[in-house]
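The structure under discussion appears below in the form of structure tokens.
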Amino acid sequence: MPDSASPVVTRIAPSPTGQMHIGNARAALFNWLYARHTGGAFLLRIEDTDRERSTEDAVQVIFDSLSWLGLQWDGEPVFQFARAPLHKAAVDRLLASGHAFRCYMSVEESNAAREAARAAGHALRSPWRDREPTLGQHNAPHVVRFRTPSDGDTVVEDIVRGTVRFPNKDLEDFVLLRTDGTTIYNLAVTVDDHDMGITHVIRGEEHLSNAGRQSLLYRALGWELPIFAHLPLILGNDGAKLSKRHGAQSVGEFQAMGYLPEALRNYLAKLGWGHGDDEIFSDEQAIDWFDLADVVKAPARLDWDKLAHINNHYLRNTDDARLVALATEAHLGRGVAIDDAGRAALARAVPLVKEGAKTILELADLTVFVLERRPLTLTEKTLALLDQTTRDRLQRLCVWLAGTPDWSHSGLAAALAAFAADEGVGLGKFGPALRGALAGGASAPDLASALSALGSDEALGRIADALSHVQ
RNA sequence: GGUCCCUUCGUCUAUCGGUUAGGACACCAGAUUUUCAAUCUGGGAAGAGGGGUUCGACUCCCCUAGGGACUGCCA
């Protein structure tokens, strides 16, 4: 194990084959937190050895996802495929030391051999592990496999799992080099983690069994093992593996749904780790408190309600300029045109409604009423409310409001209350009709807020529109 | 099938042998009320089951059950 005095080096190593999974984002977060907590480094490695599935776009998705999440990696990203010569050199060493061997079985043959081995109660053992190819065979198509010990256990010390042992007989002679000469995951990861000086391998539990294979490689290569920490999986709300049907599974989707990166960081940090009763905390606090020893073992389910609650907290504590920009973006994304008046109205409306929004998308829903164009289409319900008494009252209200100099929320709330008192009725007598006149069918906040967000010209104009509506 | 991991309120979790098992989200009720929310107050809600160890187990050990991961010339 690495010297405890040596600086911590962690890494996130996604493969560029599509979107960045939220589980991967959480792993990145924990690696980042641990590196920052210890004053160490957080590195990024792109695992692009699968040439069939790796794409340029997906590499960009990884950069974008990490950047959006605010998890800045240290140094230049390492591209795994570019390190192929180093991987092959390691394989040569393994071949020379007898820890690996050339296997001339075809895919079909190895599949059959694997089944036979399982039937016999152990994992695949290639017949070539103890056989020398003839001279003619030597360069025939082959893979290179690891010569897995037949007896004993491979022990993995894991910070969150404790001591985990895998019987070697159940670990097959896994492939190191494909027939085409390219390297495979376990070998590449081991060589890269070693060369990059990774001290702590923090990743999802799906890699726990790989830690056994990788440990075998580290020892065969004569290298010091890193400290392993396998994180519990993130499941969907129903306890099943997180997939498309759970609503979202990639960082990009969470972003598109209107979650703030800091809210997602906070929520994700609480999935598999926690600090007592603390629910909402800053990055500084998380960095200060984070420790691998406190990582939870059990898998966690994604709770959308709680994420929404946390997102709402961050939304209401975010500065208005940023929220207005985000809301504007959301409206434009929906094809809603916004002119200068609209921008101004949005700037007035956002601060007044943000407390009720759980996502940026909801913030857009709550502000769409200010972007409607006059004359608004009134709902049946509003039309029904506009009887003569109410019309007369709203007419007087317009006069009253026109004489109200303070169109701030509090000024209007006071004006509305004073008007109601003057009329000798409760707000309920004309509130619903006024709401309908101001917002049409769209949702709107409390009346004082709605009025204030619209501004006097627009608000009075909308009321006049409603009053002139033929019955 | 084999190997490995996991198991406290519906959910995320606290507890690290002695607590009325705490908090948060959600839920329910009440208050407020111009819609929906928001807000305030109160409430219900948990140690998978069975054996041990111990003066004493949620906590340690074993078994069972359930869930999950891996088992590939993917990562």
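Values quoted throughout were computed directly from the atomic coordinates according to the rules given, and no laboratory measurement underlies them. Because the structure is a prediction, the values reported are computed rather than measured. No Cβ is skipped: glycine too gets one built from the backbone with ideal geometry, and neighbour counts run over all protein chains shown.
Along chain A, the exposed loop sites are GluC sites (Glu not before Pro) outside DSSP states H, G, I, E and B with at most 16 other Cβ atoms within 10 Å, and the longest stretch free of them is A:280-471.
Calculate the FRET efficiency for A:GLU206 and A:ASP320 from the Cβ-Cβ distance with a Förster distance of 41 Å, rounded to the nearest 0.05. With R0 = 41 Å, the Cβ-Cβ based efficiency is 0.45. In sequence order, region A:9-15 has phi-based couplings of 10, 10, 7, 10, 10, x, 9 Hz under the Karplus curve 6.51 cos²θ - 1.76 cosθ + 1.60, θ = phi - 60°, and Gly or Pro positions carry x.
Treating each Cα of region A:1-63 as one equal point scatterer and applying the Debye formula with no solvent, the log10 of I(q)/I(0) at q = 0.13, 0.25 Å⁻¹ comes out as -0.41, -0.99. Over the residues of chain A, the helix contribution to mean residue ellipticity at 222 nm works out to -14500 deg cm²/dmol, using -39500 (n - 2.57) for each DSSP H run of at least 4. With no solvent and one point on each alpha carbon, what is the Debye value of log10 I(q)/I(0) for region A:147-293 at q = 0.15, 0.20, 0.21 Å⁻¹? Debye curve over Cα of region A:147-293, log10 I(q)/I(0) at q = 0.15, 0.20, 0.21 Å⁻¹: -0.97, -1.24, -1.29. Given axes a ≥ b ≥ c from the Cα gyration tensor, I'd like to know whether region A:332-382 is rounded (a/c under 1.5), prolate (a/b larger than b/c) or oblate. It is oblate, given that a/c is not under 1.5 and a/b is not larger than b/c. Can you pull the percent of Cα pairs in region A:125-178 with separation above 19 Å? For region A:125-178, the fraction of Cα-Cα distances above 19 Å is 45 percent. Enclosing the Cα atoms of region A:417-471 in their convex hull gives a volume equal to 93 cubic angstrom per residue.
Farthest toward the positive end of the dipole of region A:6-147, out of A:THR38, A:HIS99, A:GLN72, is the Cα of A:HIS99, where the dipole comes from beta carbon charges about the Cα centre. Residue-wise HN-Hα couplings along region A:246-254, as the Karplus relation 6.51 cos²θ - 1.76 cosθ + 1.60 with θ = phi - 60° gives them from phi, are 7, x, 6, 9, 10, 4, x, 5, 5 Hz; Gly and Pro carry x. Under the classification rounded if a/c is under 1.5, otherwise prolate if a/b is larger than b/c and oblate if not, where does chain A fall, given a ≥ b ≥ c as square roots of the Cα gyration tensor eigenvalues? Prolate shape, in that a/c is at least 1.5 and a/b is the bigger ratio.
Taking amide H atoms as placed 1.01 Å from N in the peptide plane, the amide H of A:GLY40 lies under 5 Å from those of A:VAL8, each 5 or more residues away in sequence or on another chain. Distances between placed amide hydrogens fall under 5 Å for A:LEU231 paired with A:ARG203, A:GLY204, A:GLU205, all partners being 5 or more residues away or on another chain.
Just the Kirkwood number for region A:103-201, please: inverse of mean 1/r across all distinct Cα pairs, in Å, one decimal. Averaging 1/r across every pair of different Cα atoms and inverting gives 15.4 Å. Relative contact order of chain A, taken over Cα pairs closer than 8 Å and 6 or more residues apart, is 13 percent. Computed from the C-alpha gyration tensor, the three semi-axes of the ellipsoid equivalent to region A:20-107 are 31, 18, 12 Å, from longest to shortest. Taking the square roots of five times each eigenvalue of the Cα gyration tensor of region A:191-251, the equivalent ellipsoid has semi-axes of 31, 12, 9 Å, listed largest first. Using the Cα coordinates of region A:353-471, the gyration tensor eigenvalues translate into equivalent-ellipsoid semi-axes of 22, 18, 13 Å, sorted from longest to shortest. Sparse packing (at most 10 other Cβ atoms within 10 Å of the Cβ) combined with a DSSP loop state is found for the following trypsin sites (Lys or Arg not before Pro) in region A:1-88: A:ARG51.
Beyond 12 Å, how much of the Cα-Cα pair distribution for region A:353-397 remains, as a whole percent? Result: 71 percent of Cα pairs exceed 12 Å.
Using the alpha-carbon positions of region A:218-356, Rg (one decimal) and Dmax (whole number) come out as 19.6, 70 Å.
Our compactness index for region A:13-170, the C-alpha radius of gyration over the empirical 2.2 N^0.38 Å, is 1.33. In summary, the convex hull built on the alpha carbon positions of region A:367-429 has an orientation-averaged projected area of 5.3 nm². With the Cα gyration tensor of region A:144-221 giving a ≥ b ≥ c as the square roots of its eigenvalues, does the rule (a/c under 1.5 for rounded; else a/b larger than b/c for prolate; else oblate) give rounded, prolate or oblate? In terms of gyration-tensor shape, oblate.
Kirkwood radius, region A:305-414, all distinct C-alpha pairs, inverse of mean reciprocal distance: 16.1 Å.
Computed from phi, the 3J(HN,Hα) profile of region A:128-133 under the Karplus parametrisation 6.51, -1.76, 1.60 (θ = phi - 60°) reads 7, 5, 10, 10, 8, x Hz, with x in place of Gly and Pro.
Lys and Arg at +1, Asp and Glu at -1: add these up for the other residues within a Cβ distance under 12 Å of A:ASP465 and post the number. Its environment carries a net charge of +1.
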